[in-house]
Amino acid sequence: GQAERGGYPHFMLKEIHEQPRAVRDTLSGRIHRSGEGVVLDAVRFDPEWVRQLRAVYLVACGTAYHAGLIGGRLIERLAGIPAWTEIASEFRYREPLVDERTLFVAISQSGETADTLAAMREAKRRGARVLAITNVVGSSVAREADDVVYTWAGPEIAVASTKAYTTQIVALTLLAVHLAERTGFTGPLGRKNLLESLRQLPDAVEAALQVEEEVKQIGELAGGWSDAFFIGRGLDYFTALEGQLKLKEISYIHAEAYAAGELKHGTLALIEQDTPVIALATQPALREKMISNIEEVRARGATVFAVIRRDLTGVERYARHTVKLPVVHPLLMPVVAAVPLQLLAYYAAVAKGTDVDKPRNLAKSVTVE
Ligand code: G6P
């Protein structure tokens, strides 16, 4: 009843609102007081082994796969190790080049997804070291992995994943820093700034929740949409992928995500008068490019809803409405940017009157391959 949902009409909305706490718990005790390093529970990678790594593979399904896309990019940027993110059911059957010099990261909220487990067993068989990122203590994925990093999101009931997703990104960020401390590859962005921003992330997620009222209005409008496009570049493309999945899962509105620079190679043909486009612009380095992509869809009549990092001015000029997000380190923006997209999907589903917490044809955890 209402009580177990903490007064919220649906578990999904309750879980969206739990994110500041979930992110805080997932960070808790893992960043050194000195501000220099990351402790990942019992994970103690030998620096020499990390320096010899040829690749990191991140494998998952659904929403966890989108967290993996972001995690892979962070590992490359921060640790300087090539990272590949793949869908578990694809990885398993393609004879992957995995050996002792591979770190395999399985990401699974439930820790019971059959495809993820099968991929993980295959990687182990080929000699990889396996690390699991999961939300369920003692789950199959946790038991079979060499190392485990828990997300402390707490039980997630709604089928559409929200707080598990954002905490997976947080856990992956910590993993990326942990690896970076061993390879010594700081990358262009600096670990210190990142850790500083990471500490402020729970507050930033809290601040991001303040967009709820305005996003609710867009969501009510979205209840009448038949299609929607989500566009972004870099990390924003991965956020776009998660945004379209959320919308599809619970509101049954057809949605597609595109890397904004790729629009002109096909998808632009689908943009007509009033086609809704959700444009993400949270990455300072890609601001100019994003503005021209937004102009491209505007010129074909699209109605643009922009989701931007507050300080990236100039984007709002082309949008019907602009949702402004708090400023955190660019590599952490996916956590903050997930919030309005979750709320958009939620309010679109409510407007359409679907079964928000238990969408048709979907299960919380898929234990068959
Ligand atoms: C199902 C759920 C998704 C989830 C995916 C992976 O499809 O409906 O929300 O992202 O499984 O689940 P996992 O527990 O492995 O993260």
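Taken together, the values in this text are just the output of simple stated rules run on the coordinates, not laboratory data. As the structure is a computational prediction, the values presented were derived from the model and not from experiment. Here the Cβ is made from the backbone with ideal geometry for all residues, glycine too, and neighbour counts use every protein chain on show.
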The stretch 1-131: C-alpha pair distances exceeding 27 Å, %: 31
At most 15 other Cβ within 10 Å, DSSP loop - GluC sites (Glu not before Pro), the stretch 251-281: Glu272
Highest-fluctuation residue, Gly72, Gly80, Gly232 considered, GNM on the chain with Cα pairs under 10 Å: Gly80
Relative contact order (%) - the chain, alpha-carbon pairs under 8 angstrom, separation at least six: 20
In the stretch 26-113, the trypsin sites (Lys or Arg not before Pro) that fall in loop regions by DSSP, at most 16 other Cβ within 10 Å: Arg33, Arg44, Arg54, Arg94, Arg101
Selection of trypsin sites (Lys or Arg not before Pro), the stretch 337-369, meeting DSSP coil and at most 12 other Cβ within 10 Å: Arg360
Glu18, Glu212 arranged by Cβ crowding within 10 Å, fewest neighbours leading: Glu212, Glu18
Spherically averaged projected area of the stretch 180-264 from its Cα convex hull (nm²): 8.1
Rotationally averaged projected area of the stretch 235-291 (alpha carbon convex hull; nm²): 4.3
GNM flexibility winner over the chain from Asn193, Asn293, Asn135 (Cα, springs under 10 Å): Asn193
Spin-label pair Trp49/Glu144, simplified geometry with 7 Å Cα→Cβ offset, distance in nm: 2.0
Long-range amide H partners of Ala255 with built H, under 5 Å: Ala228
Largest-first principal axis extents of the Cα set of the stretch 267-331 (Å): 35, 19, 17
Evaluated over the stretch 218-320, the Cα radius of gyration and Dmax, each in Å: 12.4, 34
All-pairs Cα distance distribution in the stretch 81-158, expressed in whole percent, bin size 10 Å: 20, 54, 23, 4
Estimated 222 nm signal from helices in the chain, with DSSP H stretches of n ≥ 4 weighted -39500 (n - 2.57), rounded to 500: -13500 deg cm²/dmol
√(5λ) per eigenvalue of the Cα gyration tensor, the stretch 313-369, largest first, Å: 30, 18, 9
log₁₀ of I(q)/I(0) at q = 0.20, 0.21 Å⁻¹ - the stretch 35-104, Debye sum with one point per alpha carbon: -0.93, -1.01
Cα radius of gyration and Dmax for the chain (Å): 19.7, 57
